[in-house]
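**Student:** Here it is, the structure, as structure tokens.
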Amino acid sequence: MATLATLGTTSLLSGIKISYHLPHVAAPAKPVSSPFSPALQPVARRICPFTGKKANKANHVSFSNHKTKKLQFVNLQYKKVWWEANKRYVKLRLSTKALKTIEKNGLDAVAKKAGIDLRKE
């Protein structure tokens, strides 16, 4: 059985009170199985996982010295790097600074310091 709700408002022009009745309507129940919704895909952020480098906020300065905000992004590259421990290539998205660090110290040492598990890639 639907219940009736009485709402009242006062007119701004004449000051007369106006009331009206609204039937109480229950919200429709959610279906048990929802329609197909695509899973959220991970977003590739512009951050190097090895060094933690990310975009730098800077000003673009014109000839008239007018400053507008801009972002200086990290130089991220997709690179296949040889992983000596498992004797295979690992495809990584890393900054050029991280690439130089890997060439100097080795992939295992840099990944261990950054806390990255290379086995799942």
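**Student:** Mind listing whichever residues of segment 59-86 are part of a loop (DSSP other than H, G, I, E, B) and not β-branched (Val, Ile, Thr)?
**Tutor:** Ser62, Phe63, Ser64, Asn65, His66, Phe73, Asn75, Glu84, Ala85, Asn86 - these are the residues of segment 59-86 that are part of a loop (DSSP other than H, G, I, E, B) and not β-branched (Val, Ile, Thr).
**Student:** Same structure, new question: Report, by residue number, each residue of segment 59-86 that is in contact with an Asp or Glu (Cβ under 9 Å, 6 or more places away or on another chain) and surrounded by fewer than 11 Cβ atoms within 10 Å (Cβ to Cβ).
**Tutor:** Glu84
**Student:** Condition first: assigned to a helix (DSSP H, G or I) and open to solvent by less than 50 Å² (accessible area, probe 1.4 Å). Now tell me which residues in segment 87-109 satisfy that.
**Tutor:** Matches in segment 87-109: Ala98, Leu99, Thr101, Ile102, Leu107.
The values are calculated or read from the model by the stated rules, or taken from the named source; none is laboratory data. In this text the structure is predicted, and so the values were computed from the model without any measurement. Heads up, the Cβs are rebuilt from the backbone with ideal geometry, glycines too, and the neighbour counts pull from every protein chain shown. We work out accessible area using only protein heavy atoms, side chains counted, and drop any ligands, DNA or RNA first. Shrake-Rupley method; radii C 1.70, N 1.55, O 1.52, S 1.80 Å.
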